[in-house]
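Chemist: Right, I'll just put the structure down here and ask away after.
The values are calculated or read from the model by the stated rules, or taken from the named source; none is laboratory data. Just so you know, these numbers come straight off a predicted model, no measurement behind them. Cβ coordinates were reconstructed from backbone atoms using ideal geometry, including for glycine residues, and neighbour counts include every protein chain displayed.
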């Protein structure tokens with residue numbers, strides 16, 4: 001495939017007490033955790049985190065009204081369901097024809113929620129794209145957070161206690177032990193005091209809220225409750241997955257790998273997940289967004305893909321990527337998609 005300018009879309013993550021140092025793995029060329037903004041090259045920026053959701057209105061209330069993500073379009077505008085007659089492209093994009101009887105009889109609607117602070121300028125931010133599909137058989141899937149294929153979104157917030165209070169007032173489930181933020185001793189590529197908590201959105205997808213003191217530089221507006229984002233992906237094999245990403249988008253995506261396994265109590269309290277793991281991390285060129293990948297020593301191999309997807313723009317064509325149990329991701333051929 002010829003090299004091309006691409007837009008890589010992702011989501012986010014976080015960590016504690018990692019010994020920083022040079023990784024001894026040839027596929028991870030960075031000697032220190034990446035920070036700041038990596039200049040755009042073949043990869044231009046983040047795209048979006050695609051989510052198939054149970055109810056668009058609930059997702060809109062959680063991410064926009066409570067947490068503070070932006071919204072494309074007026075808040076009170078009608079959001080009717082489309083069909084094969086009004087929105088055939090969305091049905092095709094969701095790939096509903098794979099073994100599903102009469103997929104084009106489905107109804108769908110979507111909402112786009114840009115994340116402040118995820119672009120070099122206050123535009124073209126990474127976006128949560130929530131798609132609700134009706135009239136088709138489906139069921140929620142909630143993998144363990146240490147299973148290959150699982151993921152979570154990390155949002156850097158300005159006032160963690162206020163945001164968490166707003167969520168608790170609406171009975172949002174909290175994953176973190178004790179229901180309160182924990183202090184993390186350190187995090188790769190982050191300077192300052194770190195407090196974090198994990199909650200579940202209306203579809204039970206895990207969302208990590210992190211507050212850093214002093215607040216890091218951000219392109220988010222001064223009044224924004226959210227300052228940036230990261231994405232955490234759990235994979236079966238770090239090297240296989242990182243090489244896959246690099247083979248897909250080119251050498252602009254450079255990884256740092258933890259020089260040893262990580263097994264920290266504060267992180268376990270935060271996530272509710274026990275056991276040592278290794279980490280690899282890269283910053284997406286053109287956007288101040290990190291993608292962190294975790295490989296646990298013990299896990300159940302996921303039998304189904306995770307709910308997030310990370311699209312790329314390649315020569316103006318869209319290539320859909322999905323989490324997979326073995327390598328962490330698979331995609332359709334970008335030349336054929």
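Chemist: May I ask you to say which residue of 266, 282, 287 is part of a helix (DSSP H, G or I) and either at pLDDT 85 or above or within 13 Å of the chain's Cα centre (by Cα) (or both)?
Modeler: Answer to the selection: 266.
Chemist: Could you list all residues from segment 31-60 that are touching a helix residue (DSSP H, G or I) at 6+ places or on another chain (Cβ under 7 Å) and modelled with pLDDT of 85 or more?
Modeler: Within segment 31-60, just 53 meets the criteria.
Chemist: Does segment 43-62 hold any residues that are within 19 Å of the chain's Cα centre (by Cα) and assigned to a loop (DSSP other than H, G, I, E, B), and which are they?
Modeler: Hits for segment 43-62 are 44, 45, 46, 47, 54.
Chemist: Restricting to segment 63-99, and then to whatever is touching a helix residue (DSSP H, G or I) at 6+ places or on another chain (Cβ under 7 Å), part of a loop (DSSP other than H, G, I, E, B) and at pLDDT below 85, can you tell me which residue is surrounded by the most Cβ atoms within 10 Å (Cβ to Cβ)?
Modeler: 96
Chemist: Hey, does segment 150-160 have a residue that's buried (at least 22 other Cβ atoms within 10 Å of the Cβ) and farther than 22 Å from residue 69 by Cα?
Modeler: yes
Chemist: Here is a follow-up. Checking residue 313 against (1) closer than 18 Å to residue 46 by Cβ; (2) at pLDDT below 90; (3) more than 16 Å from the chain's Cα centre (by Cα); (4) outside any strand (DSSP E or B), which test does it fail?
Modeler: Here residue 313 meets the rest and fails (4).
Chemist: Between a residue in segment 244-271 that is without any contact (Cβ under 8 Å) to a residue 12 or more places away in the chain and any residue that is assigned to a helix (DSSP H, G or I) and crowded, with 18+ Cβ neighbours inside 10 Å, which pairs come within a Cβ distance under 6 Å, given they are 6 or more apart or on different chains?
Modeler: If the second residue must be assigned to a helix (DSSP H, G or I) and crowded, with 18+ Cβ neighbours inside 10 Å, no pairs are left.
Every residue, every condition in (1) in contact (Cβ under 8 Å) with a residue 24 or more places away in the chain; (2) out of contact with any helix residue (DSSP H, G or I) (no Cβ under 9 Å at 6 or more places or on another chain), yes or no:
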{"site": "144", "(1), (2)": "yes, yes"}
{"site": "163", "(1), (2)": "yes, no"}
{"site": "174", "(1), (2)": "yes, no"}
{"site": "179", "(1), (2)": "no, no"}
{"site": "193", "(1), (2)": "no, yes"}
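Chemist: Name the single residue that is nearest to the chain's Cα centre (by Cα) among those in segment 133-166 being assigned to a strand (DSSP E or B) and at pLDDT below 90.
Modeler: 133
Chemist: Tally the residues that are part of a loop (DSSP other than H, G, I, E, B) and at pLDDT below 95, restricting the search to segment 167-201.
Modeler: Selection size over segment 167-201: 6.
Chemist: Let me confirm something: among 253, 209, which residue is touching a strand residue (DSSP E or B) at 6+ places or on another chain (Cβ under 7 Å), in a strand (DSSP E or B) and either farther than 26 Å from residue 196 by Cα or at pLDDT 95 or above (or both)?
Modeler: Answer to the check: 209.
Chemist: I would also like to ask the following. Only one of 110, 106 is at pLDDT below 85 and at negative phi; which?
Modeler: Numbers: 110 fails: at pLDDT below 85.
It is 106.
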